[in-house]
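Bear in mind that the values in this text are calculations on the coordinates, not laboratory data. Note that the structure is a prediction, hence the values are computed from the model and not measured. Glycine also receives a Cβ, built like all others from the backbone with ideal geometry; neighbour counts cover every protein chain displayed.
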Amino acid sequence: MNRTISLLACAVLLAALPGCTSMTPAADAHFGIAMTSLKLLQTADPEAAGRALQLGAQDSKSAKGAYDNYVKSYSDPVKDSNALSIGVGK
């Protein structure tokens, strides 16, 4: 009886042993390659970090206008006319 239980336990352990191993060794060897390639495809300029910063082609009048609009947006914000808040808080 004890020998039968021991043999049965050994058979169960031997049957379960392949479940502990990797079933996809080829996929595991290339893990992360797809994500790395997708990230590279979505990057506009992968070598940008290695080059010096290049300023955009913007003249002084348009730069001053953009800055003035930026400052004005904080001093005089545009009032939102949200349909969900009509008449609320008045």
What distance in nm separates the simple spin-label points at Lys61 and Thr4, each placed 7 Å from Cα in the Cβ direction? 10.1
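For Ser75 and Ala49 in the same chain, what is the full-extension length gain: residue separation times 0.36 nm, less their Cα-Cα distance, in nm?
5.8 nm
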